[in-house]
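Here's the structure we're looking at; comments come further down.
Quick note: the coordinates plus some simple rules give every number you see, no bench work behind them. Keep in mind the model is a prediction, meaning the values are calculated, not measured. Cβ coordinates were reconstructed from backbone atoms using ideal geometry, including for glycine residues, and neighbour counts include every protein chain displayed.
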Amino acid sequence: MYDSLNGKIALVTGGTKGIGRSIADKLSANGVTVVITARSKSEDDYNNYHFIAADLTRADSAGRIAKEVLEKYGKIDIVVNNAGANLSPGGGFNTLEDEDWFKDWELNFMSVVRMNKALLPAMLEQKEGIIINISTGAAKQPIWEMTMSYSSAKAALNAYSKALANEVGSKGIRVNTVSPGVVRTPLMNDFIENIAQQSGTTFEESFQSIVDKVGVPIGRMAEPEEIANMVAFLASSEGQYITGANISVDGGASPTV
Ligand SMILES: NC(=O)c1ccc[n+]([C@@H]2O[C@H](COP(=O)([O-])OP(=O)(O)OC[C@H]3O[C@@H](n4cnc5c(N)ncnc54)[C@H](OP(=O)(O)O)[C@@H]3O)[C@@H](O)[C@H]2O)c1
């Protein structure tokens, strides 16, 4: 438990499923009031989170979400930009059309820029706030056949997060990036099922081929809660000297120091 989180207001985008849902649950268990967003509401939201329906690929969504949060709570302490997905159709560079690139960049990069732009003024006024952007190990280790446009958008997210951290650090705002490796979520399930179908293998064989391809020294996927643990730590006062960092939570998959 992080006592410093008690009473804080957080926004978690993509908080209905997978990693985002675990982050919402972890923050909530630490006394945070959590607002979640997604395109559609989850049926098993036992915590009854304040839910805002929004497609983050639409340019007007961030402003609408920020308005609702600030009108209701009067402040925002923690923003977790988690919503994202690998929309790359796979098959390598020649198969990617402009619209494939734009789709990945819109969801994985521009949606974060817009959300931060909408909520940063309130944080600057409060002189405190924490932004955590969920990236991916694939930003540093792109798989050309499967993730080219996604990895590129997330790599831009890493650079943008660092730059923003440099700009707002002296104003009381911390910005960090958390980069998961392979995590057991609905998104990863779909991804593995697609590969299994394309390659004519079983789900288990495809799963193992991903772990082997990425090279995970711990030898298994992460559970979403293992990513949420890092987010809660960074959001708490225990992480108060950490900003501009990109922290891998990947079972050792990143091949470099
Ligand atoms: N799973 C992994 O192995 C892994 C690895 C590295 C990084 N990541 C990153 O971790 C984050 C979460 O991934 P996940 O695996 O937890 O995904 P997930 O299980 O598919 O959940 C994604 C969440 O984002 C929402 N979402 C998706 N598209 C959206 C859109 N256009 N507008 C608004 N909300 C949208 C989804 O709800 P709706 O569908 O209802 O909108 C859902 O709440 C992503 O940024 C992903 O890139 C995941």
Summed side-chain charge close to Gly84 - residues other than Gly84 whose Cβ falls under 11 Å, Lys, Arg +1, Asp, Glu -1: -1
Crossing angle, helix 18-29 versus the chain [Cα axis fit, 0-90 degrees, rounded to tens]: 30
R0 of 51 Å, Cβ-Cβ distance Trp144-Glu43: FRET efficiency to nearest 0.05: 0.85
Helix axis angle, 111-126 relative to the chain longest principal axis, alpha carbon, degrees: 20
Spacing of the two label points (7 Å from each Cα toward its C-beta) at Phe51 and Arg64, in nm: 1.6
Cβ-placed point charges (K, R +1; D, E -1), dipole of the chain about Cα centre in debye, nearest 20: 820
The stretch 20-108: chymotrypsin sites (Phe, Trp or Tyr not before Pro) in DSSP coil with no more than 16 other Cβ atoms inside 10 Å: Tyr46
Distance in nm between pseudo-label sites at Gln240 and Thr33 (7 Å out along the Cβ direction from Cα): 2.3
Cβ-placed point charges (K, R +1; D, E -1), dipole of the stretch 7-96 about Cα centre in debye, nearest 20: 140
Listed residues Ser179, Ser40, Ser88: farthest to the positive end of the dipole of the stretch 39-187 (Cβ charges): Ser179
Taking Lys213, Lys8 and counting other C-beta atoms within 10 Å, the order from fewest to most: Lys213, Lys8
Exposure proxy order (Cβ contacts within 10 Å, fewest to most) of Asp250, Asp100, Asp55: Asp55, Asp100, Asp250
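For every other residue with a beta carbon closer than 15 angstrom to the beta carbon of Trp144, add +1 if it is Lys or Arg and -1 if Asp or Glu, then tell me the sum.
Combined, the nearby Lys, Arg, Asp and Glu give 0.
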Local electrostatic count at Asn246 - Lys and Arg +1, Asp and Glu -1, tallied over other residues with Cβ under 10 Å: +2
Sorted by Cβ density within 10 Å, fewest first, the residues Val79, Val12, Val178: Val178, Val79, Val12
Between the stretch 47-95 and the stretch 187-257, the Cα center-to-center distance that results, in Å: 21
The stretch 117-181: trypsin sites (Lys or Arg not before Pro) in DSSP coil with no more than 14 other Cβ atoms inside 10 Å: Lys127
Debye, to nearest 20: dipole size of the stretch 118-199, +1 on Lys, Arg Cβ, -1 on Asp, Glu Cβ: 280
Helix axis angle, 224-235 relative to the chain longest principal axis, alpha carbon, degrees: 30
Estimated FRET transfer efficiency (Phe102, Met1; beta-carbon r; R0 30 Å; 0.05): 0.10
Mean separation of Cα contacts under 8 Å, 6 or more apart, over the residue count of the stretch 116-194: relative contact order %: 38
Added length on full extension, which subtracts the Cα-Cα distance from 0.36 nm per residue, Glu205 to Asn94: 37.3 nm
Spatially proximal aspartates and glutamates relative to Lys8 (Cα-Cα < 17 Å; intrachain offsets below 8 disregarded): Asp25, Glu68, Glu71, Asp77, Glu125, Glu128, Glu238
